Structure formats: structure tokens, C-alpha cells
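Working notes, beginning with the structure itself.
The values are calculated or read from the model by the stated rules, or taken from the named source; none is laboratory data. Nothing here was measured: the structure is a model prediction, and the numbers come from that model. Positions of Cβ are generated from backbone atoms using ideal geometry, with glycine treated the same way; all protein chains shown enter the neighbour counts.
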Amino acid sequence: MELALYHPEHGYYASGRARVGKSGDFYTSVSVGRIYGRLLASVCREVWEGLGSPGEFTIVEQGANDGTMAADILGMIGERGGVFADALRYRIVEPFPVNRSRQQEKLSGFSRVSWHEDDEELPEFTGIHLSNELLDAFPVDSIRWNGSVWEEECVVLEKSRFAWMTRPIAEPDLTEAAKRLPVPSREGWRFEINQGISPWLSGIASRMKRGMILTVDYGQVGEDRFAPHRADGTLLAYRKHERFTDPLEEPGLCDITAQVDFTDLAAKAVVLGLTPIAYSDQQHFLMGAAEPWMRSLGDHAPEHRKDLLALNTLLTPSLMGSQFKVLALGKDFPSDPPLACFKYQRPGVGAL
């Protein structure tokens, strides 16, 4: 999975082959319209206010693709201007030159934007770390229950084609992670373990002095992670908006993804001294974030028809509203009063 996505020449993401939107391989909330980024801009302003309106406030974005979300956020903040805009610094963590080039072209009209290859390059900051559909593309380990123990799924070459095989788990960390899982109800059960989560969180936490980590992705919490309909795991591939259950078919030409275990993510965050502040589906998160804007429209609502239609797509449960989840983790960040975007949060941190 790491090679198929991140090999500098042949990897789906690192080569610049990834495409989002109608003419690409999949949709994201960003590709639906500018309203998503503009609402995130209001969330960033709330975080700034919650931190006491510091004179320097940093937005760190990771997984910025072509820079569209950054442009939407910065455009909204720039339109409003004021003290918040003056305090803002925007930093993008981007290891791949082809993506960095696209982002720099799209964001050439904005000042105080900088790029960093990884979290270690970031200066210490106070602010918010944003990621949208980042964690589902972290390479995972796939394990299967053979009826008595968990085994590791590996990839082999058979007659010029990739194929699956299983073997005993050899890596100690993976063995320990497997021990924490419940015993499956039947043989053949698959589960994915994302070992990249801990170092990712640790890297951000080490650079953040105060603020919030806000990540949006698709995944599950609690017992729902082990629901019967997920017995074959969540590992999938996408190409030209088609979904494939076998990610070995066209490596490097399609997106490979596994759903996020938000319960595991929150537990690892707590170990690092971070506090889960909110957990919500996208529908209820954006309802709170959009409410002040929608109340301000008044008679001008028809002028914002395109934004309102896009917002409807983002909110509708059968489209994107229930598919995506939002987790907020705080570092020395006040939990009271709650941010407007979490006013209606469902199901809440208790579900984690």
C-alpha cells in the first residue's frame, strides 16, 4: 500500500496521478464546492478566539492535494480581513514536489503561506492542524483470523500478478495490537491496523504549543468497528468513481483506502496528552458551523444558491452527511464554552 500510493515515480499520490472530482477517481467534501472551506475558515476563527485571539495564529494543513481547500479558507479570511487575518500564518505539510508545485500555483495570490516536507520541519505553533481525508490513505497492516489466532496478510507475486498470502505475525507491535482486538465470531475475519497514527499524532503534538487537531475522514467507533457486515475489512480501491474490493488489481493507478478507527485514534491521542473535545458526523458538525452564516443571509439567500446547494450535499446523510466523521483533539484548549461547530455534535465524544 505504501509503494502503490507513495512511490515517487509510480505511486498514485506521490506521482501526482491522483485526481479528485467529477473527472477524477473520487469526490471529497472540498470538491463539492467552496462552501466547505469557507465554513472551515469560520471554525478556524472560533479556535483563534478560544485561544484568546493570539497575535500569531497558525493553520497547518496536511494532505492539501492541489490546494483548493487552502484557497477557499484563505479567500474567506481575506474577504473579512481584520485582526484575525493579520494574525494568520498558513503552513502546508507536503512531502511530494508535484503536489507542492500545484499548491504553490493555486495559492500564488496569497501571502504568508509556507511549505514543509514533514511535521518535524514545522516551527512550534499555536493554532489548528487540519486534515481532510488524510488518515484513510495511511498504509495499514491487514490481519485475518484463522479460527484460533490472527495472521498477517502479505502480498506475493504469482504468474506476474499480485496475490494475497497469510503468515504468522512477526512484528512485536503488530502482535500487541492484534491482542487487543476481540475474538471474531468466525474464521476469515479481516481487520486493518494503522500503525502510522501514533507517530503522526506525536509529531503534531510535539510542535503544537496550544490549539486543536481537527481531522475529517470516514470510519467507525466502538463496537461498530466489528459489525458483521465489516467481516471482510474496509480495505478498498477507487478508480474513476468505481469501487474495487481488491486493491491489488491496478497498483499505482487507483486510490487505496481503509476506514479510520476513531476509537483507537482518540485513545492514542490521550496517551500523548491530547484531549478529545468533540466527535461528530459531518452533518451535525456543519450544521453548527453554517448556522451563523445562514442566519445572516436573510433576503440575500437566492444570491448564494450555489453555496446552499453544495451545503445540502455535504449535510444530507445519504450523500456525505453521515459518511464523514469529525474528531477534534485539544492541547491546552478550553472545552467550555463549546465551539458553534460542535453545538449539535452527534454522536459526541462519549461514543469514542
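Do any strands (runs of 3 or more DSSP E) lying entirely in the stretch 150-212 carry at least 3 residues that are exposed (fewer than 15 other Cβ atoms within 10 Å of the Cβ) and at pLDDT 95 or above, and which ones are they?
Counting at least 3 such residues, we get 161-168.
Using the structure shown, decide if Leu107 is in contact with a strand residue (DSSP E or B) (Cβ under 6 Å, 6 or more places away or on another chain), closer than 26 Å to Arg225 by Cα, touching a residue at least 24 places away in the same chain (Cβ under 8 Å) and surrounded by 15 or more Cβ atoms within 10 Å (Cβ to Cβ).
no
All but one of (1) touching a helix residue (DSSP H, G or I) at 6+ places or on another chain (Cβ under 9 Å); (2) in a loop (DSSP other than H, G, I, E, B) hold for Ser23; state the number of the condition that does not hold.
Answer for Ser23: the failing condition is (1).
Report yes if Ser142 is modelled with pLDDT under 95 and polar (S, T, N, Q), otherwise no.
no
Anything in the stretch 46-65 that is buried (at least 21 other Cβ atoms within 10 Å of the Cβ) and free of Cβ contacts under 8 Å to residues at least 60 places away in the same chain? List them, or say none.
Across the stretch 46-65, the qualifying residues are Ala64, Asn65.
When residues of the stretch 270-296 are filtered for being at pLDDT below 95, surrounded by 15 or more Cβ atoms within 10 Å (Cβ to Cβ) and either small (Gly, Ala, Ser) or touching an Asp or Glu at 6+ places or on another chain (Cβ under 8 Å) (or both), how many remain?
The qualifying residues number 0.
Just a yes or no: is a residue in the stretch 69-86 within 21 Å of Gly16 (Cβ to Cβ) and either β-branched (Val, Ile, Thr) or modelled with pLDDT under 95 (or both)?
Among the residues of the stretch 69-86, not one is within 21 Å of Gly16 (Cβ to Cβ) and either β-branched (Val, Ile, Thr) or modelled with pLDDT under 95 (or both), which makes the answer no.
Out of all the residues in the stretch 309-352, which are among the charged types (D, E, K, R) and either over 19 Å from Ile213 (Cβ atoms) or modelled with pLDDT of 95 or more (or both)?
Initially, the stretch 309-352 is screened for residues among the charged types (D, E, K, R), giving 325, 331-332, 336, 343, 346.
Lys325, Lys331, Asp332, Lys343, Arg346 - these are the residues of the stretch 309-352 that are among the charged types (D, E, K, R) and either over 19 Å from Ile213 (Cβ atoms) or modelled with pLDDT of 95 or more (or both).
Would you point out the residue of the stretch 14-45, among those that are surrounded by fewer than 20 Cβ atoms within 10 Å (Cβ to Cβ) and β-branched (Val, Ile, Thr), that is farthest from Val83 (Cα to Cα)?
Val20
Which is part of a helix (DSSP H, G or I), out of contact with any Gly (no Cβ under 7 Å at 6 or more places or on another chain) and buried (at least 17 other Cβ atoms within 10 Å of the Cβ), of Asp299, Asp224, Asp264?
Exactly one residue qualifies, and that residue is Asp264.
If I filter the stretch 118-149 down to residues being within 30 Å of Thr68 (Cβ to Cβ) and small (Gly, Ala, Ser), which single residue comes out as surrounded by the most Cβ atoms within 10 Å (Cβ to Cβ)?
Gly127
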